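Working notes for the structure below.
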Amino acid sequence: MLKIITKIMTTLSGSLLLLGCTNEIQKVPMPNELIGVWQQQGYGKVVQINSDGFTLYDITKMSCIKDITGDKNKWDEFVVSTYFEGDVLHLVHSDSKKYQFDKIAKLPPICDKEVPNTPSNNFEVLWNTFDENYAFFDTRNIDWKMQYNQYKPMIYDSMSIEEWFKVVSNMIEPLQDVHVVLSNDSNTLTYQNRVLSPFLEDILQYCQTKIDVNSCAGSELNNLLNITYNYIENPKRTLNDNLTYGIVKNNPSIAYFNLIAMSGYDKGNSEKYNDQIALIDKFMDNWLKSNSHIDTLIFDVRFNGGGYDENSIEWANWLVNESKIIMAKEAKWGNGFTKSTQIHTQPKANAFQGKIIVLTSKMSASATEIFLLALKPYDKATLIGEQTQGVFSDALLKKLPNGFNFSLSNEVYRDSSNIIYEAQGVPVDVEMQNYTKEEIIKQQDLVLERAIAIAKH
């Protein structure tokens, strides 16, 4: 359960940063048509490709930071296919991750020199990266230039790394975006925006008095889950303990799923989305064959902080009966946005045909919200609980000269009706607070009870 704490309000989705170094002995040359320097449309990245492999750079108007390198084998772990439209190179990872690159003659001139590792330069790189890529300053009512004017005078070259970290954390805090994270390599200095459900705020406030906060919080969350599982007949676990499922007591036609993550389903810790999807497919195919009598599925994502969009959409593929455009996304690019990418469902031939009731909370975030958007066009899911977190973008990962890693939201998602739910979250059909203090004392889960009542009518 401890991993729930570390997964709260995180996302593992990324762009080319999924690529990394490799120690493969056999070298496979890169395709000739890819050799050269390519600047990504949006995302603030340039990739240099030669016959031996690639090097990825993070760029702003004042910085160029070498990020990672890899060979053809590592490239193929991310890039499923490539194609050209005129001079534009398209890299395809999945239906929801498609990127465009323009060929340029050489690396930008800013890459000719290394950015010195000073507090001032690190501040400037971070501020400019947000300025050029963050998509939601207006949505979140932030004057980013005012933030610069307020916090830049606090930066001086003799300050400690802890002092620098505090100033920068204070600058990004008003964004209230849980995809905005700043940390050093050892994670001894970590900042993440946090907007939590009332029940989780209560838990964390209580656990602040304990020596091991994470252990305390994990134990308290387990207590809440045990209240819920008391409603389920012989609950079972699968997908590396990320899914707990069973039949509602005294209601043999109502099934219950509690999915706590949209990733991590492989005990071997494979993060390849095709491996994860294969595990989803195997489970759902077997479960449906054994449970053809089920007419309502209660899908609980109140503890699900996200994961991979591909997994979210695959879960939806097992719950819908026709292919539809479910959403579209675009990334900030200069003063505008990249070309919109439409995302579709691809329903399974033996998909579940019954009613769906989804339980949500403020913890339901990122890829979990993608799951909800995927169900939205079908009008077959009833949402009960709290409005979700409101963070849909993949987390754009970046590095600073001082070795700190940070992330931000640069993509805008629109649902099938062209509505943007960033910063407000997906609305629910029946609004209820989860796990009130009175419920916990009485060992009740009134949100689940409401779902069961709806399922029976």
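Summary table
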{"quantity": "Relative intensity, log₁₀ I(q)/I(0), of the chain from a Debye sum that treats every alpha carbon as a point, q = 0.11, 0.13 Å⁻¹", "calculated": "-0.92, -1.24"}
{"quantity": "Over the chain, relative contact order from alpha-carbon pairs under 8 Å, at least 6 apart, %", "calculated": "17 percent"}
{"quantity": "For residue 262, distant residues with modelled amide H under 5 Å away", "calculated": "306, 307, 308"}
{"quantity": "HN-Hα J in Hz across region 222-237 - Karplus 6.51, -1.76, 1.60, θ = phi - 60°, x for Gly and Pro", "calculated": "4, 4, 5, 4, 5, 4, 5, 5, 5, 8, 10, 7, 6, x, 10, 10"}
{"quantity": "Fewest-first ranking of 457, 93, using other Cβ atoms within 10 Å as the exposure measure", "calculated": "457, 93"}
{"quantity": "Gyration tensor verdict on region 215-260 (Cα atoms; rounded if a/c is under 1.5, prolate if a/b is larger than b/c, oblate otherwise)", "calculated": "oblate"}
{"quantity": "Rel. contact order, % - alpha carbon contacts under 8 angstrom, at least six apart, region 89-238", "calculated": "12 percent"}
{"quantity": "Over the chain: helical MRE at 222 nm, DSSP H runs n ≥ 4 each giving -39500 (n - 2.57), nearest 500", "calculated": "-8500 deg cm²/dmol"}
{"quantity": "Electrostatic dipole magnitude of region 224-455 [Cβ: Lys, Arg +1; Asp, Glu -1; Cα centre; debye, to 20]", "calculated": "200 debye"}
{"quantity": "Spin-label model distance (nm) - residue 379 vs residue 214, 7 Å beyond Cα toward Cβ", "calculated": "4.6 nm"}
{"quantity": "Hz values of 3J(HN,Hα) by residue in region 410-425 - Karplus curve (6.51, -1.76, 1.60), Gly and Pro given as x", "calculated": "10, 10, 10, 9, 10, 6, 5, 9, 6, 8, 9, 10, 4, 6, 10, x"}
{"quantity": "Relative contact order [Cα under 8 Å, 6+ residues apart], region 259-410, whole percent", "calculated": "24 percent"}
{"quantity": "Amide H partners (placed H, <5 Å) of residue 434, local residues excluded", "calculated": "none"}
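Values in this text are rule-based calculations from the coordinates and carry no lab data. Quick caveat: nothing in here was measured; it's all calculated off a predicted structure. Heads up, the Cβs are rebuilt from the backbone with ideal geometry, glycines too, and the neighbour counts pull from every protein chain shown.
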